[in-house]
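Have a look at the structure below before the remarks.
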Amino acid sequence: MTHTHTSVTISKTKTLTHDIFWICFGVIALIAGSEIRIPLPWTPVPITLQTFVVVFLALHLPLRRALSAVAVYLFLGGVGVPIFSGWTSSLMRPTAGYLIGFLVATIVLGILRDRLLKLSALKGIALTYLINDCIICAIGMVWLHFWTGVSTTQLIFAGFLPFIPGGIVKTSAAWMLAKRLN
């Protein structure tokens, strides 16, 4: 009985250690991705590598770990730790909708993970891109509109169109990396 109890304890400790490692990895990757950015003069939303990280985490990690990493990242930045793009914090800003979109996209991609990775590269990347960017940009644009009050046309030019080319490249790279590692 003692041997079985010890094995279970070691197994739970190993799982907890892996959970903590991957959650910390995800948070650090999101922080690093937020600082690899290209500011755009016509919008408060910069181009960052965060969407690469979101797709990679959602497709590579179990849903619980990926979701925890994104949630911890949002929590820390939300309570004032300056880890968002430009070393800022707070969810009370024009770009917060995109950050919240990361959480929703992680959930959806995590649920669909196995199906997306079983598709051919072209289909898998295309579907992952559409799901990820539609979720993140839709939530981001609603929030951006709330903060700026700009017209729908201005909103599309400020919060969606500039991110399409990079989104395709980042999604492709993240999907291929996750597929290779899984």
> From the list Leu59, Leu67, Leu76, Leu49, which one is more than 25 Å from Tyr129 (Cβ to Cβ) and surrounded by 17 or more Cβ atoms within 10 Å (Cβ to Cβ)?
Replying inline: Leu76
> If you go through region 112-120 one residue at a time, do you hit one that is basic (Lys, Arg) and free of Cβ contacts under 8 Å to residues at least 24 places away in the same chain?
Replying inline: yes
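Here are Leu144, Leu127: which of them is touching a Pro at 6+ places or on another chain (Cβ under 6 Å) and either over 15 Å from Pro44 (Cβ atoms) or hydrophobic (A, V, I, L, M, F, W, C) (or both)? Working first, answer last.
Numbers: Leu127 fails: touching a Pro at 6+ places or on another chain (Cβ under 6 Å).
Exactly one residue qualifies, and that residue is Leu144.
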>> Quick test for you: out of Gly149, Gly124, Gly110, Gly101, pick the one residue that is modelled with pLDDT under 95 and of a type in the set (Gly, Ala, Ser).
In response: Gly149
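Can you tell me which residues in region 38-64 are hydroxyl-bearing (Ser, Thr, Tyr) and assigned to a helix (DSSP H, G or I)? Before the answer, list the steps.
Quick first cut of region 38-64, residues hydroxyl-bearing (Ser, Thr, Tyr) only: 43, 48, 51.
Correct list: Thr51 only.
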> Just one of the numbered conditions (1) closer than 21 Å to Thr148 by Cβ; (2) crowded, with 22+ Cβ neighbours inside 10 Å is not true of Leu30; which one?
Replying inline: (1)
> All but one of (1) out of contact with any Gly (no Cβ under 7 Å at 6 or more places or on another chain); (2) at pLDDT 95 or above hold for Trp143; which doesn't?
Replying inline: (1)
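This table checks each residue for (1) in a helix (DSSP H, G or I); (2) out of contact with any Leu (no Cβ under 8 Å at 6 or more places or on another chain); (3) closer than 18 Å to Ser34 by Cβ.
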{"site": "Ala138", "(1), (2), (3)": "yes, yes, no"}
{"site": "Trp143", "(1), (2), (3)": "yes, yes, yes"}
{"site": "Trp147", "(1), (2), (3)": "yes, yes, no"}
{"site": "Phe157", "(1), (2), (3)": "yes, yes, no"}
{"site": "Gly167", "(1), (2), (3)": "yes, yes, yes"}
{"site": "Lys170", "(1), (2), (3)": "yes, no, yes"}
{"site": "Ala174", "(1), (2), (3)": "yes, no, yes"}
{"site": "Leu177", "(1), (2), (3)": "yes, yes, no"}
> In region 76-95, which residues are over 15 Å from Leu144 (Cβ atoms), out of contact with any Gly (no Cβ under 9 Å at 6 or more places or on another chain) and part of a loop (DSSP other than H, G, I, E, B)?
Replying inline: Val79, Gly80, Val81, Pro82, Gly86, Trp87
> Across region 20-37, what is the total count of residues that are charged (D, E, K, R) and part of a helix (DSSP H, G or I)?
Replying inline: 1
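The values are calculated or read from the model by the stated rules, or taken from the named source; none is laboratory data. These numbers come from a predicted model, not from an experiment. Glycine also receives a Cβ, built like all others from the backbone with ideal geometry; neighbour counts cover every protein chain displayed.
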